[in-house]
Structure formats: C-alpha cells, structure tokens
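The values are calculated or read from the model by the stated rules, or taken from the named source; none is laboratory data. All figures in this text were calculated on a predicted structure; none of them were measured in a lab. Note that each Cβ is placed from the backbone with ideal geometry, even for glycine, and that neighbours are counted across all protein chains shown. Note: accessible area is taken over every heavy atom of the protein model, side chains too, but ligands, DNA and RNA are not part of it. Shrake-Rupley method; radii C 1.70, N 1.55, O 1.52, S 1.80 Å.
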Amino acid sequence: MSVYSHGFARIAAAVPPVALADPLENAARTVELINRAHHEGAALVAFPELGLCGYSIDDLVQQDALLDDVMDALMTVVDATRRVSSVVLVGAPLRIDDGLYNCAVVIHDGEVLGVAPKSYLPNYREFYEQRYFAAARDAVVDSITLGEYEVPFGPDLVFEAVDVPGLRFHVEVCEDGWVPIPPSTWATLAGATLLVNLSGSPVTVGKEEYRRALATSHSARNVAAHLYVASGFGESTTDLAWDGDALIAENGTLLARSETFSMDPQLVVADIDLDRIRQERSRLISMRDQVGDFSDQARAIRRIPFEIDAEYSVDDLKRTVLRFPFVPTGAADRDQRCREVLDIQVQGLVARLRATGISKIVIGVSGGLDSTLALLVAVQAFDLLGLPRTDIHAYTMPGFATGDATLARSHVLMDSLGVTGNELDIRPSCTQMLADLGHPFADGEPVYDVTFENVQAGERTSHLFRLANYLGGIVLGTGDLSELALGWCTYGVGDQMSHYNVNGSVPKTLVRHLIRWKIATSGYADATIEALREIVDDVISPELVPADAAGNVQSTEDTVGPYELHDFFLYHLTRFGYRPSKIAYLARQAWGDKTRGPWSDMMTDDQRNEYTGEIIDKWLEVFLKRFMSNQFKRTAMPNGPKIGSGGSLSPRGDWRSPSDAPATAWLRELHGDR
C-alpha cells in the first residue's frame, strides 16, 4: 500500500551542479532531477536559491542577456513539468516592473502556481544582495504576468494539495528563514505544514551544524516539516566555498541530509508524516492561541489550491521507523537518555521521601526486570540522601512457582547491594486464602487459574503494605508502563498498587536497556553485575504457575505477546493517536525485516527479532482489546514521575480516558470494516 494512503507525503531536495551564468544548462540539469523526483514518487521537489543562473554571479545578475536566458530557462522547466506529478520549486531572478527580485517559482504540470519574492536581503560580510535586488515589501502588485501566466506574487502564499490531505506548503528564500520572525511563521499560523527554504548559503566552519540546528528547531517550533536546500558545486570560488547542504526535518527530527561537498547531482528524499503534524498541532492549545493573537497576519495569507492528481504506488517508506521508540539506538543518545531517566526516577523518589519525612522503603524483589530496576533506583536515591542502604527493606517472597534461579538472584542482589534482605514465604498464607475461597488447589487439585495467580500477587502486596506500616516506611512500586497498558497487573491489593512507583512510566523495553546500561556504567560489585546479566537475559515471567511437564516456565510474552511490539503500539497510539492500520503499517516497516535499520549495540544477533504482518496484526488486536478494557487499573494508579513525552498513562497527567469505553472503533478500523 502506498505511503500516501497512510498520511505520508514524499518530498525531495535537489542539488544539481551549478553551471555558473548559464541558465539553459542549469535548466537541463534541473529537468533531469525533476524526472528523478517524479519517478521516486515525490509530491514536491525544491532546488537552491537562484539555481537557474547561480547565486554567486554578482553584478552579472543585472545583465539583460542573462535575464533573458533565465526566462527562457524557466519556461523550459515549466514545459518539462507537464505530466510530472511533482510540484517543482526553482530559484530565479525576475524583473517585476522596475525592480529585480530574488524569487522562488512554484510550478506544477506545466503551470506556474505562484512566485514568492525574498523578503530580507542580507547586506553584510560576503553578502551584497541589496546592491541587486528589491525586497518583497517593495512590490506594489500581488500578481504578475510570467510568460503567458497571470500568477500570484508575494511572500504570503500557501500552496495546498487538495488531493493529499494536510499537504500545505510555504516557500521562502534563504535569509527569510534566518531572521527572528521568518515569513513562514505567519504561514504556519495559517495552516502551512511544510516550510521550504531555497538557499544559496556558502559554507564556513561550523555552518553545517548551525544549519542543522536552524532546520530542526524551525520545524519543532512550528510543528511542521522543513525542507532546506543550498547551492553546491559549480558556484564561484572567488572568495567563497559551497557545500550543497540539503536537509529535511520534521518537528525537531532530522529525516534526511545530503552528502556535502559532492560534485555529483543529488536528490535527498524523505517521507514526512502529515498525520503526526496534524495530531501534534491539535493538542498544542498554545499554538491555537497564537493563531488568535496574530489572526490578522494569518488571515492575510493567500491559499493557492492545486491537485497533484497522481496515484502513487510507492510503498518503500523513506524514513527510519525506530523499533524501540522509547530507546535511542545510537550509543551517545542512549547513554544520555538512560542517565536522564534514572535521574528523573531518583529525583522523584528523593522528593517523595523528603515530602513525607519517611526514610525507609519496603520493596518486593522477585529477581525479575522491574523490581531490579526499582531496587537500583532506591539504592541510588538513598546514596544521594546520605541514608544507610540498610533502611531499604527488600523482601523476596517465593510462591508456588518461584524458580530456584530467580530466588537465588534476589538474594545475591539484596546482599551485594547492601540493603536489608529478607525472605518471606507466602505459600502458607496463600494456601489458607485458597482454602477460605474453596479453591480446588487447596484440596490438591492442579488448578492454576486467574484466582490462583492473583491470590499470590495479592498476598505479596498485602504483606508489603503491612510491613511498611510496621517498619515506618513506604511501599516502593515496581510495575512498569507496559504492564499498565496491557492490564498485566493485579488490581487493588496487588502489584498495581504501592505508595510510590518509580517505574510507572517506564516501558518494559526501556527497563531492560536501563539495566544493561547500569551493567556497563555503574561499577557495581562482580556479584551484582553477574546477577543483573542473568536478569536481562532471562524469560519474562510472573512465576505464578508451576512449570509444565516439560519444564517450561510460565512466559508473559507467550500469553500477551512480545513487549517490544506492545511498546511500539503503545507509543504510536498514545503519543500520536494514529489509526490502528497506520500503526500496523509502521510496525511492518520497523519489524518486518531485521536487516533493515539500526539496532542497539547492546543487543546480540539472537535478540534481534522480526515479525510477519500476520503476527503484528494478531498482537495489535490483543493490545487494543487489553488497553481499552484495563483503563480502570490506570485510573487508580499510584503516584510516580513522568519519564518521557511518549510515556505516561497517569489519569492526573497525560492520559485521561473513561474506564467504560470499548475498543470497537479501533478494531473496526484495524480490520478494514470502516
């Protein structure tokens, strides 16, 4: 299925080698890249500032002979766009009345849709544009005759593709994007979702990084996509150098960038997510407030409708879809993220202890991922407060299915970390509870139903709360975000409840990575490190049901599905509100082929999974059903710090949802019944 049917639009930045002061040759090179963009399925392709003549021609730009050739070259490009689906943006100097303007010309299917003149002309250091050009504000007309076309003229134009929902673009020229209030700001408030900048921009030391910061921050501040393209090889090197920098960014994220200093023609292509932009803007009430504050400027923007009129069949998504949206892949980004997450968890716990005046913690330690992370956070918090680790009272509480290995790991962790470790066998109290209920297990029958499991989970939590009362401490929760999303927790007197939960907005995939990072960076004792390694490599299990005859232990992921998929679903559903069909499409892009895209260097080859479309659909349906039906557990979740922008289900924070809503609409959309 085409990327366009899932709310994406393909755009391209073109950097041809410049034929200095030779417009007809530049036109030929431009047409070659236009055809490449068309075959790539791009809805839009943009070229550099003054690309039809070259930016660095200085006084030659005022020569009639050259300007005549520019007009001929422009008409050549216009004619070449007939039956080409892509909208084409080229840079050219144009005479309007008695002024010469540095313009971006917007062309589609043999027609000029509009012309945007440059508003701000640099006249400092190496720039002398006021010597040649008039500024947009100097024009006394808002339409011009260009060849046989009467076209809109001005910096106030937004072009809207009526057959690609959400694709509305504004174009400005170089310096216009570098001033404190770019013209594209007003276009954004008027609904533009793609901001294009045609630039000359010679390169100097440090400028590449500055351009990156400018492009990504401009896209983030305006909640938009941003395309920037600068002049490349062939410009005059009399006093300057040119790198042909081209960037495509979306809401603060760099999607694609050219190879700088290349002497070959380049086409930089990326798919922008129009659904994401729409969803983000609908949530940002402050942005809507600014639309009201500057309504005069927004209403003054003129919209130019057009139809791309193409049935694109491109299905190779031109953007990276992260398998682990909560976990950065690159080592440097991952280290920073892990450090920040742990700092937030520790700070939250420190603040809660200080606010309550309590200096003791009671925590259940199972030898699994979640309780291990919570214990590490508690240790770090006590060290920060200068409190003795012995005031962390950790309890491992074996039940009917607790394995010897996990029980041993629990003791190793407690002992090696220097906390007060205890073992409390819950089987006697669970047996009494099951007998009180008249459960068959109390009579020796091997009945391992939900009640059998929840009695154990409830007994553990009940003991922890009573121990906290007795010791004068608080119960530290261990359950993670993924379990809350799936409802994989025992409500009330169970692992859903605690006095404070440092893991409440940490997804399972991030929990595992945080422990891996702690192994690599913490400097723990050898015994602690070895226990942590065993924990991250073990099967995720609640250990509430005894192993079967073949010795297979209870596996959470066999029951509810892979956490790595569920975390992917959770992020895109709650962070962006995507349709299930789009989430499934993105999951196929991320997980359909394990050889595609980057992996964390902390994961071995046998930990790198891939999933078929059928498997993805199966577990997405499970996720939707469980997510909607278990809202009542999240409505009563305990306090805990919010970790990331895409990860909180607190009813007091990010996620407010009725406990009675069904999954009907989401399942209908997933199954294509709408």
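The listed residues are ILE392, ILE361, and the only one of them that is within 16 Å of ARG460 (Cα to Cα) and touching a helix residue (DSSP H, G or I) at 6+ places or on another chain (Cβ under 6 Å) turns out to be ILE361. In the set (1) closer than 30 Å to GLY551 by Cα; (2) surrounded by 20 or more Cβ atoms within 10 Å (Cβ to Cβ), HIS393 fails one condition alone, (1). The set of residues in region 226-240 being open to solvent by 30 Å² or more (accessible area, probe 1.4 Å), touching a residue at least 40 places away in the same chain (Cβ under 8 Å) and of a type in the set (Val, Ile, Thr) consists of THR238 alone. Only residues that are under 30 Å from LYS582 (Cα atoms) and in a loop (DSSP other than H, G, I, E, B) were counted across region 226-254, and they come to 2. Within region 375-423, the set of residues being more than 24 Å from GLU483 (Cβ to Cβ) and in a loop (DSSP other than H, G, I, E, B) comprises GLY386, LEU387, PRO388, GLY418.
Scanning region 309-358 for residues that are acidic (Asp, Glu) and under 30 Å from ALA256 (Cβ atoms) turns up ASP309, GLU311, ASP315, ASP316, ASP333, ASP335, GLU340. Only strands (runs of 3 or more DSSP E) whose full extent lies in region 146-225 are considered here, and the ones with at least 3 residues that are open to solvent by 20 Å² or more (accessible area, probe 1.4 Å) are 149-152.
Scanning region 530-545 for residues that are part of a loop (DSSP other than H, G, I, E, B) and surrounded by 16 or more Cβ atoms within 10 Å (Cβ to Cβ), we see that the one that is nearest to the chain's Cα centre (by Cα) is ILE540. If the condition is being touching a helix residue (DSSP H, G or I) at 6+ places or on another chain (Cβ under 8 Å), over 20 Å from SER505 (Cβ atoms) and assigned to a helix (DSSP H, G or I), then region 552-568 contributes only GLU557. Within region 614-642, can you find the residues that are of a type in the set (A, V, I, L, M, F, W, C), in a loop (DSSP other than H, G, I, E, B) and open to solvent by 30 Å² or more (accessible area, probe 1.4 Å)? Within region 614-642, ALA636 is the sole residue that qualifies. Kindly indicate whether ILE107 is free of Cβ contacts under 8 Å to residues at least 60 places away in the same chain and not in a loop (DSSP other than H, G, I, E, B). Spelling it out, ILE107 is indeed free of Cβ contacts under 8 Å to residues at least 60 places away in the same chain and not in a loop (DSSP other than H, G, I, E, B). Taken across region 580-594, residues that are closer than 16 Å to ASN609 by Cα, touching a Lys or Arg at 6+ places or on another chain (Cβ under 6 Å) and surrounded by fewer than 20 Cβ atoms within 10 Å (Cβ to Cβ) do occur, with at least one present. In region 63-79 there is at least one residue that is in contact (Cβ under 8 Å) with a residue 12 or more places away in the chain, within 19 Å of PHE133 (Cα to Cα) and in contact with a Gly (Cβ under 9 Å, 6 or more places away or on another chain).
Of all residues in region 331-347, which are among the polar types (S, T, N, Q), open to solvent by 80 Å² or more (accessible area, probe 1.4 Å) and modelled with pLDDT of 95 or more? Listed by number, the list holds a single entry, GLN347.
PHE576 meets all of the listed conditions (1) over 21 Å from the mean Cα position of the chain (by Cα); (2) surrounded by fewer than 23 Cβ atoms within 10 Å (Cβ to Cβ) but one, namely (1). Residue count for region 80-92, restricted to those that are in contact with a strand residue (DSSP E or B) (Cβ under 6 Å, 6 or more places away or on another chain) and either without any contact (Cβ under 8 Å) to a residue 60 or more places away in the chain or not polar (S, T, N, Q) (or both): 7. Here region 105-137 is the region considered, the condition is being among the acidic types (Asp, Glu) and under 30 Å from VAL203 (Cβ atoms), and the residue that is surrounded by the most Cβ atoms within 10 Å (Cβ to Cβ) is GLU129. Looking only at residues in region 347-374 that are part of a helix (DSSP H, G or I) and without any contact (Cβ under 8 Å) to a residue 60 or more places away in the chain, the one that is nearest to ARG608 (Cα to Cα) is VAL350. Every condition in (1) assigned to a helix (DSSP H, G or I); (2) in contact with a helix residue (DSSP H, G or I) (Cβ under 7 Å, 6 or more places away or on another chain) is met by ASP296 except one, and the failing one is (2). Of all residues in region 255-285, those being closer than 30 Å to ARG579 by Cα, part of a strand (DSSP E or B) and among the hydrophobic types (A, V, I, L, M, F, W, C) number 6. Restricting VAL77, VAL45 to residues that are on the phi < 0 side of the Ramachandran plot, open to solvent by less than 10 Å² (accessible area, probe 1.4 Å) and either modelled with pLDDT under 95 or not in a helix (DSSP H, G or I) (or both) narrows the list to VAL45. On the stretch given as region 409-440, residues that are open to solvent by 50 Å² or more (accessible area, probe 1.4 Å) and in contact (Cβ under 8 Å) with a residue 12 or more places away in the chain total 8. Here GLY51 clears all of (1) crowded, with 24+ Cβ neighbours inside 10 Å; (2) at pLDDT 95 or above; (3) part of a helix (DSSP H, G or I); (4) not aliphatic (A, V, I, L, M) except the condition numbered (3).
This table checks each residue for (1) touching a helix residue (DSSP H, G or I) at 6+ places or on another chain (Cβ under 7 Å); (2) in a strand (DSSP E or B); (3) hydrophobic (A, V, I, L, M, F, W, C).
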residue: VAL61; (1), (2), (3): no, no, yes
residue: VAL84; (1), (2), (3): yes, no, yes
residue: SER119; (1), (2), (3): yes, no, no
residue: PHE127; (1), (2), (3): no, no, yes
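I'd like to know if region 470-489 contains one or more residues that are at positive phi and open to solvent by less than 10 Å² (accessible area, probe 1.4 Å). Yes, region 470-489 contains a residue that is at positive phi and open to solvent by less than 10 Å² (accessible area, probe 1.4 Å).
Being out of contact with any strand residue (DSSP E or B) (no Cβ under 7 Å at 6 or more places or on another chain) and either farther than 18 Å from PRO152 by Cβ or not in a strand (DSSP E or B) (or both) is the filter here; which residues of region 93-104 pass it? The answer is ASP97, ASP98.
Yes or no, residue by residue, for (1) closer than 27 Å to GLN279 by Cα; (2) in contact (Cβ under 8 Å) with a residue 24 or more places away in the chain:
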residue: SER505; (1), (2): yes, yes
residue: LEU532; (1), (2): no, yes
residue: ASP558; (1), (2): no, no
residue: TYR571; (1), (2): yes, yes
residue: ALA590; (1), (2): yes, yes
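Residues that are aromatic (Phe, Trp, Tyr) and open to solvent by less than 50 Å² (accessible area, probe 1.4 Å) within region 294-321 comprise PHE306, TYR312, listed in sequence order.
Taken as a whole, the condition of being without any contact (Cβ under 8 Å) to a residue 12 or more places away in the chain and part of a loop (DSSP other than H, G, I, E, B) applies to GLU445.
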